[in-house]
Amino acid sequence: GAVVSQHPSRVICKSGTSVKIECRSLDFQATTMFWYRQFPKQSLMLMATSNEGSKATYEQGVEKDKFLINHASLTLSTLTVTSAHPEDSSFYICSAYDGVSSYNEQFFGPGTRLTVL
Amino acid sequence: DAKTTQPNSMESNEEEPVHLPCNHSTISGTDYIHWYRQLPSQGPEYVIHGLTSNVNNRMASLAIAEDRKSSTLILHRATLRDAAVYYCILRAHPQGGSEKLVFGKGTKLTVNP
């Protein structure tokens with residue numbers, strides 16, 4: 001199956017700093033990418049949907065000015081957590097859709113664990 | 001989005017079959033039934049999907065009730081590597097675009113050696 005990578009896999013930062021997480025589709029072009037957040041022992045919560053070359057669509061309750069999403073190319077989407085605080089500590093996961101798969105399978109990255117001190 | 005209901009947890013012994021149930025009584029005629037699983041500290045991975053007929057692939061089988069209000073994911077011989085949270089998700093398949101996945105709480109499968 002198609003491969004999606006995320007970088008970094010883990011990041012620790014100080015409160016108030018910004019952190020950028022990259023999501024790349026390695027062997028296919030992703031027309032749509034999704035960003036999820038997962039707190040310990042909870043399910044994945046969709047944060048936003050991004051389409052290449054257009055603005056992301058954020059889910060209700062997700063602050064678009066705090067979680068900046070850029071999908072500048074068909075193989076790269078970035079999520080920037082601005083002015084991170086301890087409550088932003090979470091597991092961030094991206095997924096990508098290739099626009100070709102006949103059953104709309106999404107391919108998930110391995111996740112990025114963010115810890116804000 | 002149509003809702004799914006799964007048991008919070010299940011246990012199995014290694015090399016035995018596992019049947020993971022999912023109820024989706026409000027499923028619409030155009031909803032596909034997808035299963036993903038998430039191993040500890042990893043992103044989810046696709047397992048299987050179906051619409052009306054039972055489906056088999058190298059990972060699992062999917063048995064869909066005739067009225068489509070429930071389905072069962074079948075792992076024929078559980079291994080320790082199958083220990084994960086299994087999510088049953090309903091999705092429409094729109095033409096020319098993707099549809100977001102809405103994850104419920106899933107079923108945490110424990111496989112005993």
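The values are calculated or read from the model by the stated rules, or taken from the named source; none is laboratory data. The structure displayed is predicted, hence computed values, not measured ones. Reconstructed Cβ throughout: ideal geometry from the backbone, glycine too, with neighbour counts over all protein chains shown. The protein model used for the area step is the full one, side chains on, heavy atoms only, and it has no ligands, DNA or RNA in it. Shrake-Rupley method; radii C 1.70, N 1.55, O 1.52, S 1.80 Å.
Details
- Largest-first principal axis extents, alpha carbons of the protein assembly as shown, Å: 51, 42, 32
- Under the combined filter of DSSP loop state and at most 15 neighbouring Cβ atoms within 10 Å, segment A:40-117 retains these trypsin sites (Lys or Arg not before Pro): A:41, A:55, A:64, A:66.
- Neighbouring Cβ atoms from other chains, within 10 Å of the Cβ of residues in B:33-43, number 4 on average.
- By the Cβ rule of 4.7 Å, chain A holds the following cysteines without a possible disulfide partner: A:13.
- With contacts taken as Cα pairs under 8 Å at a separation of at least 6 residues, chain A carries a relative contact order of 37 percent.
- Listed peptides B:46-53, A:29-36 by packing density, highest first (mean Cβ within 10 Å): A:29-36, B:46-53
- Straight-line cross-link reach from residue A:55 at under 27 Å between alpha-carbon atoms covers these lysines, not counting any fewer than eight positions away in the same chain: A:20, A:64, A:66, B:100.
- Think of a 1.4 Å ball rolled over the protein heavy atoms: chain B then has 53 Å² of accessible area per residue.
- When chain B is treated as a Gaussian network with alpha carbon springs shorter than 10 Å, the biggest mean-square fluctuation among B:77, B:37, B:58 belongs to B:58.
- When chain B is treated as a GNM with alpha-carbon contacts under 10 Å, the residue of B:101, B:75, B:90 showing the greatest mean-square fluctuation is B:101.
- Over segment A:47-95, the reciprocal of the mean inverse Cα-Cα separation, the Kirkwood hydrodynamic radius, stands at 11.5 Å.
- Each Cα pair under 8 Å and six or more residues apart adds its sequence gap; the mean of these over the residue count of chain B is a relative contact order of 36 percent.
- Distance histogram in 5 Å bins (all Cα pairs of segment B:15-104, percent per bin): 3, 13, 25, 25, 19, 10, 4, 1, 0
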